[in-house]
């Protein structure tokens, strides 16, 4: 994968994200992530 | 990863990234969003179809536009860019289903040598992160800048 660590990405104004049922965007995915991450052991995530 | 990727742009705060999936079902707008989780440094990656005229997203739909490899390559590029501007963040992502998470695992495995030049890739299983290993049924993945 030829990826520069820093490359330019165009920024544009955009509408706020919303869902059909007016729930916060990605709320279920975020809740699931939080459930898994709540029990995570943080020391392993610390940089060496 | 040797697959080509789609061009993408971001919102003004560089927390949402937009691209067009072009495939058998036409042009489908996609958004990748990073949201802070309950762990301060970890940000969840969400992927959804997106209507640019309303801002409405749908992260439950399975589009099947025939360009999954190109979409995954684009997501990896977005993650690498996001980490380049937020080097202290850690990105968490998983699929909406075990089969989709398995697909992500296969895609990571295909690109692992190239990814690990720039980032650490961890698999999360039973809420415990470990260095990514092929063929482990992970619940999700963590990616952080080296």
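The values are calculated or read from the model by the stated rules, or taken from the named source; none is laboratory data. Note that this is a predicted model, so its numbers are computed, not measured. Reconstructed Cβ throughout: ideal geometry from the backbone, glycine too, with neighbour counts over all protein chains shown.
On the basis of being over 22 Å from residue B:33 (Cβ atoms), part of a helix (DSSP H, G or I) and within 16 Å of the chain's Cα centre (by Cα), does residue B:74 make the cut?
So residue B:74 fails the test.
So which residues in region B:79-104 are more than 9 Å from chain A (Cβ to nearest Cβ) and under 12 Å from the mean Cα position of the chain (by Cα), if there are any at all?
Hits for region B:79-104 are B:79, B:82, B:91, B:95, B:100, B:101, B:103, B:104.
Would you point out the residue of region B:127-146, among those that are at the interface with chain A (Cβ under 8 Å from one of its Cβ atoms) and not in a strand (DSSP E or B), that is surrounded by the fewest Cβ atoms within 10 Å (Cβ to Cβ)?
The residue in question is B:127.
Give region B:8-19 a look and list any residue that's facing chain A (nearest Cβ under 9 Å) and outside any strand (DSSP E or B), or say none.
Listed by number, the residues that qualify are B:8, B:11, B:12, B:13, B:14.
Does at least one position in region B:91-98 carry a residue that is in contact with a strand residue (DSSP E or B) (Cβ under 8 Å, 6 or more places away or on another chain) and assigned to a loop (DSSP other than H, G, I, E, B)?
Within region B:91-98, one or more residues are in contact with a strand residue (DSSP E or B) (Cβ under 8 Å, 6 or more places away or on another chain) and assigned to a loop (DSSP other than H, G, I, E, B).
Does region B:28-48 include one or more residues that are over 30 Å from residue A:41 (Cα atoms), modelled with pLDDT of 95 or more and out of contact with any strand residue (DSSP E or B) (no Cβ under 8 Å at 6 or more places or on another chain)?
So far as region B:28-48 goes, no, none of its residues is over 30 Å from residue A:41 (Cα atoms), modelled with pLDDT of 95 or more and out of contact with any strand residue (DSSP E or B) (no Cβ under 8 Å at 6 or more places or on another chain).
With B:114, B:56 as the choices, which residue is out of contact with any helix residue (DSSP H, G or I) (no Cβ under 8 Å at 6 or more places or on another chain) and either free of Cβ contacts under 8 Å to residues at least 40 places away in the same chain or under 15 Å from residue B:142 (Cα atoms) (or both)?
Of B:114, B:56, the one residue that is out of contact with any helix residue (DSSP H, G or I) (no Cβ under 8 Å at 6 or more places or on another chain) and either free of Cβ contacts under 8 Å to residues at least 40 places away in the same chain or under 15 Å from residue B:142 (Cα atoms) (or both) is B:56.
State the number of residues belonging to chain A that are at pLDDT 90 or above, in a loop (DSSP other than H, G, I, E, B) and more than 8 Å from chain B (Cβ to nearest Cβ).
So the answer is 4.
Report, by residue number, each residue of region B:20-39 that is more than 11 Å from chain A (Cβ to nearest Cβ) and crowded, with 20+ Cβ neighbours inside 10 Å.
Once the filter is applied, which keeps residues that are more than 11 Å from chain A (Cβ to nearest Cβ) and crowded, with 20+ Cβ neighbours inside 10 Å, region B:20-39 yields B:21, B:30.
For region B:40-68: of the residues being closer than 17 Å to residue A:22 by Cβ and crowded, with 18+ Cβ neighbours inside 10 Å, which is nearest to the other protein chains (Cβ to nearest Cβ)?
Across region B:40-68, the extreme among qualifying residues is B:46.
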